[in-house]
Amino acid sequence: MGTELPLQFAVILGTNEIASAVAIRLHRRGCAVVLSHDPMPPVLRRKMAFHDALFDEVVTLDGVEAKRADSGLAIRARLLQPEGVTITDLGLLDLIVLQSIDTLVDARLQQALATPDLRRLARLAIGLGPGFHGGVNCDRAIAIPRSRQAQRLGGHGDERFRRAEFAGRWRTALEIGTRIYKDFVVGHLGPHPVAAPFDGVLRGVVRDGIEVPAGVRLFEIDPRGRQANWTEIDHPARRIADTVIQAISLGAAATPAKTRVPLHLVR
């Protein structure tokens, strides 16, 4: 395939805030990093993630910039002179043919879908979240506990989210960071309005115009007032990224294992 990549090649499945935190850590370890977008589940906390770079927006997190690439040739050009990270709509099968993958991380957290078998697709394959088991469908698994209730933020748990009651097209004109009030209509699922459950700041919202399945989160309210945060990698995502680095340090040759992220760090 021509000139070999000079750096370790890392592919991250997902463009959410956890995938983005992992991408930053791998980039700073000297890896050439590509994030591969998957539409499910839709990304909510977009200002904490590289996701919007898919739409030609300039996205910089923790001093690391993400740029979009739409073809294998464009990705190889980016990886041969890596500045920041690369984000693409191309899937894993398109990326495997570019170069042998050194590190593959599935950070999509697709709890409602079948868990893929990542073994032998990279020198080291790491799966995040329920469904992954080291030696079964990945080399090393990081257990992010499944909780019936979201961790509380500013005194609110699950009620700070609004979910799609049915499948449909989501429309909203609001930007993340907008101050909103109880019963304010944040957007419409099909013809049906979806209102804010209480006062707060819009911490996350699915991008306008996306077709969503029933049950996914459409938006999130941060009720903490001046302490609200919606624009940077937060502590839970950083902690999970740190755990991924620990798993990489153990290496693919180690006995397959599962590393657990404490429940109180998961939101």
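Rule-based calculations on the coordinates, nothing more; no lab input. None of these values were measured; they are calculated from a predicted model. Positions of Cβ are backbone-derived with ideal geometry, glycine not excepted, and every protein chain shown enters the neighbour counts.
Numbers below:
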quantity	calculated
Protection proxy ranking, peptides 8-14, 131-137, average beta carbon neighbours within 10 Å, highest first	8-14, 131-137
Distance between the stretch 13-45 and the stretch 61-114 - C-alpha centres, whole angstrom	8
Exposure proxy order (Cβ contacts within 10 Å, fewest to most) of SER100, SER36, SER249	SER249, SER100, SER36
The stretch 158-223, relative contact order in percent, only Cα pairs under 8 angstrom and at least six apart counted	44
Those trypsin sites (Lys or Arg not before Pro) in the stretch 155-222 that DSSP places in a loop and that have at most 16 other beta carbons within 10 Å	LYS182, ARG207
Cα shape, the stretch 194-248, gyration tensor, a/c 1.5 rule	oblate
Cβ charges +1 (Lys, Arg) and -1 (Asp, Glu), total dipole of the chain, debye	780
Cα centre as origin, Lys/Arg/Asp/Glu Cβ charges: the stretch 158-223 dipole, Debye	100
Expected 222 nm ellipticity per residue - DSSP helices of 4 or more, -39500 (n - 2.57), all of the chain, to 500	-4500 deg cm²/dmol
Cα principal axis extents for the chain, largest first, Å	56, 36, 34
Cα-Cα pairs of the stretch 158-223 separated by more than 17 Å (percent)	29
Local electrostatic count, GLY225, Cβ distance below 12 Å [Lys/Arg +1, Asp/Glu -1]	+1
